[in-house]
Amino acid sequence: MQINVISKNIGGTSGVSDTILATEGLTREFRGFVAVNGVALSVRAGTIHALIGPNGAGKTTCFNLLTKFLQPTRGTIRFKGRDITGLKPAAVARLGLVRSFQISAVFAHLTALENVRIALQRARGASFDFWRSESVLSVYNDRARALLDDVGLAEYADTAAGQLPYGRKRALEIATTLALEPEMMLLDEPTAGMTHEDVDRTVALIRRIRAGRTILMVEHNLSVVEGLCDTLTVLARGQVLAEGDYASVSQNPEVIAAYLGTADA
């Protein structure tokens, strides 16, 4: 498997063995089609773990099951030892398991600062207080600006989100995700559709935000996966094909065949 290499910068993961997210027999069927089939996944706290596989392997469906946007047909999901299989997405997010989406989801007509501030407003309770005066909401400004600075968007605080370049929008989405103070982040193809410059910027960002949290990501760019991830789980046809570090997984004949096909007709 030939790939370009982004240099590794994995730190602080030695000795980490506690499982923060685990599934057993995770299965999702759609009218007879089995999209995810008996997946057993174990993600160690404090690591970056990737779900990879060819198109149609079941990666995004698996993400939707883990964050409860889909209910499993069978199987269980446990987060920090708690069975979350029957919970709704909002309840899972409140526990500290928060995801981003493959398609950037920002409020285009609000500024970058206002987008992050909306996420911070959850601290007031169930209401986002859209009707509150600017003076009341300004209490969140310092934290919002700090988060924008964390993701390299300090100079874009007053720019409408819809005017940001694509890569900057993805960074803004990560900032809003961080505003929810997640213990574990699920990133769905964080570098999809990006230029090389934006990919490098996003890789650097993920390295910065990994401190003190766990990241599970779906990613097609194997250069990104090699440079960032401690563990890879390879899915094919909805099932786990292989698992391990990049060096072992990339040399697995079944993984190579799944990505590149076999020489036999």
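Can you give me the Cα centroid spacing of the range 162-179 and the range 40-84 in angstrom?
Each part reduced to its Cα centre gives a spacing of 24 Å.
Taking 0.36 nm per residue of sequence separation and subtracting the Cα-Cα distance, how much length would be gained by fully extending the chain between F107 and L180, in nm to one decimal? Write out the running numbers ahead of the final one.
Working: separation 73, 0.36 × 73 = 26.28 nm, distance 1.64 nm.
Between F107 and L180, full extension yields 24.6 nm more.
For the pair S138 and D18, what calculated FRET efficiency results from E = 1/(1 + (r/R0)^6), where r is the Cβ-Cβ distance and R0 = 35 Å, to the nearest 0.05? Present the calculation step by step, with values, prior to reporting the outcome.
Numbers: r = 40 Å, r/R0 = 1.13.
The computed FRET efficiency comes out at 0.35.
At 7 Å along the Cα-to-beta-carbon direction for both A211 and Y259, put a label point, then send me their distance in nm to one decimal.
Simple spin-label model gives 3.2 nm for this pair.
Quote the FRET efficiency, to the nearest 0.05, computed for A204 versus A90 with a Förster distance R0 of 25 Å and r equal to the Cβ-Cβ distance.
Numbers: r = 31 Å, r/R0 = 1.24.
After rounding to 0.05, the efficiency reads 0.20.
Go ahead and collect, in residue order, the members of the range 226-255 whose backbone nitrogen is under 12 Å from a label point 7 Å along the Cα-Cβ direction of E29.
Residues passing the 12 Å test: none.
So how far apart, in nm, are the two label points at R74 and D150 if each is 7 Å from Cα heading toward Cβ?
Output for this residue pair reads 4.1 nm.
So which aspartates and glutamates can K88 reach, going by Cα to Cα under 20 Å and dropping same-chain residues fewer than 8 places off?
E24, E29, E181, E183, D188
Enumerate by residue number the trypsin sites (Lys or Arg not before Pro) in the range 156-242 meeting two conditions: DSSP loop (anything except H, G, I, E, B), and at most 16 other Cβ atoms within 10 Å of the site's Cβ. Walk me through the intermediate numbers first.
On the way: sites: R168, K169, R170, R201, R207, R208, R210, R213, R237; in loops: R210, R213, R237.
Those satisfying the criteria are R237.
At 0.36 nm per residue, and after removing the present C-alpha to C-alpha distance, how many nm does the segment from D83 to S248 gain when stretched out fully? Mind dumping the intermediate values first?
Values: separation 165, 0.36 × 165 = 59.40 nm, distance 3.13 nm.
Full extension from D83 to S248 adds 56.3 nm.
Coordinate-derived values only; no laboratory data. Since the model is a prediction, treat every value here as computed from it, not as a measurement. Every residue, glycine as well, gets a Cβ built from its backbone with ideal geometry; the counts of neighbours run over all protein chains shown.
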